[in-house]
Amino acid sequence: MTSKELDREDLLADFKQEFFVEKGMVYMDGNSLGLMSKRSEAKLQTLMDSWKTFGIDGWTEGNHPWFTLAEEMSKRIAPLVGAQGNEVMVTGSITSNIHQMLSTLFQPTAERFAIVVDDLNFPSDIYAVESHLRLRGLDPAKAMRKVGSKDGYTLELTDIIEQLTDDVAVVLLPSVLYRSGQLLPMRDIAKAAHEKGILVGFDLAHSIGAMPHHLHDDGVDFAIWCHYKYMNSGPGGTGGLYIHERHHQLLPGNAGWFGSDKARQFDMDHEFTKAQGAGAYQIGTPHIFSMAPLLGSLELFEEAGIGAIRQKSLQLTRLLRQLVGQQVPELTDVTPVQDEARGGHIAFAHPEAARICKALKEAKIVPDFRAPNIIRLAPVAFYTSFSDVEQVADKLQHIMDNETYKKFSNERNVVA
């Protein structure tokens, strides 16, 4: 089928008008920062109006009382990650939530003290793990185990399982690798780890909002994520965490006032009375304005359905890699081919990747560069059409055929 025919059959096509998309631009960077929706803008205005109208009474008055806003949103996020309503909390950021989960769940002993990560993970996750090992008097050089990559882009399940030795306490991996877009087999990893008494956590930054998850049924112990990529909550938007109900008896490693039982929170007792579910692992006062855009975005996800979003995402990425493979063969596709083994973006490797990304931006295509040699292209189901994908391939071919990228420096920008 042609891109125009696919567009005519696209059941999600009307959602594009819900987003602010610059005329003539194709935005392929939603896996780094999603676009603003009109509903997110409206919800942010609504929450600002509640402050203007109610003042401090906004905590209990208005359409979205602030005091219970995080809990209400968390119940709506839970289906997107395959969790029970009490297992999810909209709070913090990826890094602060990693710290909370490790402070709570990582309880090293002389026999079990190591944390398994991977060689391709985002640096922030590694920094957080290292800090927890040091805080427990452990040497990261010995207690942090990295799963290596044979090709520099993907991981093999056998290599992950090989690292699950008897001295490992926790494994923390990304659900989708940010460079290559590889989707790891989370259920298989959780099963293999649990057979050896190891806790399992996943960073869902590059998967939430792009595909369904099954965290509870897969037996995952904890997960953390941001909402500003495929979830379109805006820069610095409040993140989220999941902790399986079997761990809810644990006191939070980093306790704070908003982790209190809400019925007792204003007793001002110095004895901490924890909330019953994932709400216990909040720390500080919710960031209302950082949460507000997510309210609008959630409406769109509930209307579209995450299954339909995943189906279109796979169609878009199939078409993208097919067209680029045919028209721009000098780019090396490093994303796994199988649908079940990839997330929502396709990654292409090229020595001149930084220059090519700059040329794409000049041509009104917004890509994402990742050092040292990766061009990431993320067609997002909500606001990318099949014709957009065809346009990306055509402009990439023009850039490579005419070598227009050579007028740019290959030095990366601070934010690409």
Determine whether region 302-313 contains at least one residue that is charged (D, E, K, R) and in a loop (DSSP other than H, G, I, E, B).
no
Among the candidates Gly325, Gly279, residue that is in contact with a strand residue (DSSP E or B) (Cβ under 7 Å, 6 or more places away or on another chain) and closer than 29 Å to Glu71 by Cα
Gly279
List pairs: first residue in region 60-73 and more than 16 Å from Gly259 (Cβ to Cβ), second residue of a type in the set (Phe, Trp, Tyr) anywhere in the structure, Cβ distance under 7 angstrom, at least six positions apart or on different chains.
Thr60/Phe67; Glu61/Phe54; Gly62/Phe54; Pro65/Trp59; Trp66/Trp59
List the residue pairs whose Cβ atoms are under 8 Å apart, where the first residue sits in region 359-386 and is under 16 Å from Val334 (Cα atoms), the second is of a type in the set (D, E, K, R) and assigned to a loop (DSSP other than H, G, I, E, B), and the two are 6 or more positions apart or on different chains.
Phe369/Arg412; Arg370/Arg179; Ala371/Arg412; Ile374/Arg179; Arg376/Arg179
Kindly provide the set of residues from region 263-282 that are over 20 Å from Ala78 (Cα atoms) and assigned to a loop (DSSP other than H, G, I, E, B), ordered by number.
Ala263, Arg264, Met268, Asp269, His270, Glu271, Phe272, Thr273
Any strands (runs of 3 or more DSSP E) falling wholly within region 66-180 and containing at least 2 residues that are in contact with a helix residue (DSSP H, G or I) (Cβ under 8 Å, 6 or more places away or on another chain), modelled with pLDDT of 95 or more and crowded, with 22+ Cβ neighbours inside 10 Å:
88-90, 114-118, 168-174
Looking across region 202-221 at residues that are out of contact with any Leu (no Cβ under 6 Å at 6 or more places or on another chain) and over 27 Å from Ile346 (Cα atoms), the single one that is surrounded by the fewest Cβ atoms within 10 Å (Cβ to Cβ) is Asp217
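Which of the residues spanning region 255-275 are crowded, with 16+ Cβ neighbours inside 10 Å and either touching a helix residue (DSSP H, G or I) at 6+ places or on another chain (Cβ under 6 Å) or of a type in the set (A, V, I, L, M, F, W, C) (or both)?
Listed by number, the residues that qualify are Ala255, Phe258, Gly259, Lys274, Ala275.
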Take the conditions among the polar types (S, T, N, Q) and closer than 24 Å to Phe266 by Cβ and apply them to Thr68. Does it pass?
yes
Only one residue in Leu295, Leu183, Leu241, Leu199 is within 21 Å of Gly307 (Cβ to Cβ), crowded, with 19+ Cβ neighbours inside 10 Å and of a type in the set (A, V, I, L, M), so which one is that?
Leu183
Contact list, first residue from region 245-260 and of a type in the set (Asp, Glu), second anywhere and part of a loop (DSSP other than H, G, I, E, B), beta-carbon distance below 7 Å, six or more apart or interchain, is Glu245/Gln84
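For residues that are assigned to a loop (DSSP other than H, G, I, E, B), β-branched (Val, Ile, Thr) and surrounded by fewer than 18 Cβ atoms within 10 Å (Cβ to Cβ), tally how many sit in region 317-349.
1
The values are calculated or read from the model by the stated rules, or taken from the named source; none is laboratory data. What you see is a predicted model, and the numbers here were worked out from it, not measured in a lab. Backbone-built Cβ (ideal geometry, glycine too); neighbour counts: all protein chains shown.
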